[in-house]
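The values are calculated or read from the model by the stated rules, or taken from the named source; none is laboratory data. On a predicted model such as this, the values are computed, not experimentally measured, just so you know. Virtual Cβ from ideal backbone geometry, glycine too; neighbours counted across all protein chains shown.
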Amino acid sequence: MEKIDIFLKKLKEDSLEYKELETAGYSLEEKKKTIRSLMNIRMPRAFSHELASLQNAYLQEELNSKGVVTLSDIPTIKEQFSSKSPYADRISLWQGDITRLKVGAIVNAANSQMLGCFVPCHRCIDNAIHSAAGMQLREECNRIMKHRRSLNGRSYEEPTGTATLTWGYNLPCDYVIHTVGPMVYDSLSEKLCEDLQNCYENVLECAFAHKIKSVAFCCISTGEFHFPNDKAAEIAWKTVNGFMEKQGGHMERIIFNVFKDNDWELYKRQIDKALY
């Protein structure tokens, strides 16, 4: 508790708006929620070595309490479902918190600003990944976006379907690959489906280019971006298998990471189709 109090105190001192926030009577969970909130709303800017060290120690302790999940802990769909898919020994379906995965790279469903989610304790994957990685991730993303704005103009936003590689920092994975998925405002179109396919293809091409041998995909564009979950699962499955057929020889494992029971069932349906 003392270490958490010290970190929270330093975060408040670092804050531009909440220096005087009174947290003395907070429970442990309330303090943790406040820490995450202050990290979420913090605009990208330099931070002290002391603050970084306190943050890293806190996030590593949080990770240890959640538990790290390695590839050996996750069965392939061949082992789990007796799948007859040609790549069943290198594909997995896993339900849980993607920030626990010790893999080559996890995939973040980013927004076009590419700086993470600024809504305190929001339940989107972008918020979860940035919260677990730490402030360094937002700083790296900001450096990348500042460079891209210098090349493309001040109004630059990251296009849909690209893939951007960063370090994982306090995450157990080596890297995070950020991709901006398509947002569905009204009805689903062929163009939106192509955009989602591009997300998966470009993430895999990025992994191939950087010799990353294991990738965990979140359910890109579902949830906040309103892409229909069933069609998203179909596109993800087809695109990953198509990549494996063309140039997936280097890839040791691709994980479809889901959080909701409904998404588990939708991916299981795609796997079952490959049985026959």
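Observations on the structure shown:
- Residue 80 meets all of the listed conditions (1) of a type outside the set (Lys, Arg); (2) crowded, with 18+ Cβ neighbours inside 10 Å; (3) outside any loop (DSSP other than H, G, I, E, B); (4) assigned by TED's automatic domain parsing to the domain that holds residue 206 but one, namely (2).
- Any chance residue 34 is more than 26 Å from the chain's Cα centre (by Cα) and polar (S, T, N, Q): no
- Scanning the range 1-31 for residues that are under 28 Å from the mean Cα position of the chain (by Cα), part of a helix (DSSP H, G or I) and at pLDDT below 95 yields one hit, 3.
- Residues within the range 249-276 that are assigned to a strand (DSSP E or B) and under 15 Å from residue 90 (Cα atoms), tallied: 5
- Scope the range 253-265; condition over 14 Å from the mean Cα position of the chain (by Cα) and surrounded by fewer than 22 Cβ atoms within 10 Å (Cβ to Cβ); matching residues: 253, 260, 261, 262, 264, 265
- Exactly one residue out of 83, 92 is modelled with pLDDT under 95 and hydroxyl-bearing (Ser, Thr, Tyr): that is 83.
- The requirement of being over 14 Å from residue 172 (Cα atoms), touching a residue at least 40 places away in the same chain (Cβ under 8 Å) and surrounded by fewer than 14 Cβ atoms within 10 Å (Cβ to Cβ) is fulfilled nowhere in the range 63-72; no residue meets it.
- Cβ-Cβ distances below 7 Å connect the following pairs, each with a first residue in the range 200-218 that is assigned by TED's automatic domain parsing to the domain that holds residue 167, a second residue that is of a type in the set (D, E, K, R) and surrounded by fewer than 21 Cβ atoms within 10 Å (Cβ to Cβ), and a separation of six or more residues or different chains: 213/252; 214/252; 214/253.
- Number of the exception - residue 116 against (1) touching a residue at least 60 places away in the same chain (Cβ under 8 Å); (2) over 11 Å from the mean Cα position of the chain (by Cα): (2)
- Scanning the range 128-186 for residues that are of a type in the set (Lys, Arg) and within 24 Å of residue 222 (Cα to Cα) turns up just one, 138.
A quick yes/no check of all residues on (1) in a helix (DSSP H, G or I); (2) surrounded by fewer than 19 Cβ atoms within 10 Å (Cβ to Cβ); (3) at positive phi; (4) over 14 Å from the mean Cα position of the chain (by Cα):
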{"position": "173", "(1), (2), (3), (4)": "no, no, no, no"}
{"position": "182", "(1), (2), (3), (4)": "no, no, no, yes"}
{"position": "187", "(1), (2), (3), (4)": "no, yes, no, yes"}
{"position": "191", "(1), (2), (3), (4)": "yes, yes, no, yes"}
{"position": "195", "(1), (2), (3), (4)": "yes, no, no, yes"}
{"position": "199", "(1), (2), (3), (4)": "yes, no, no, no"}
{"position": "202", "(1), (2), (3), (4)": "yes, yes, no, yes"}
{"position": "211", "(1), (2), (3), (4)": "no, yes, yes, yes"}
{"position": "220", "(1), (2), (3), (4)": "no, no, no, no"}
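- Residue within the range 145-162 that is under 25 Å from residue 7 (Cα atoms) and part of a loop (DSSP other than H, G, I, E, B) present: no
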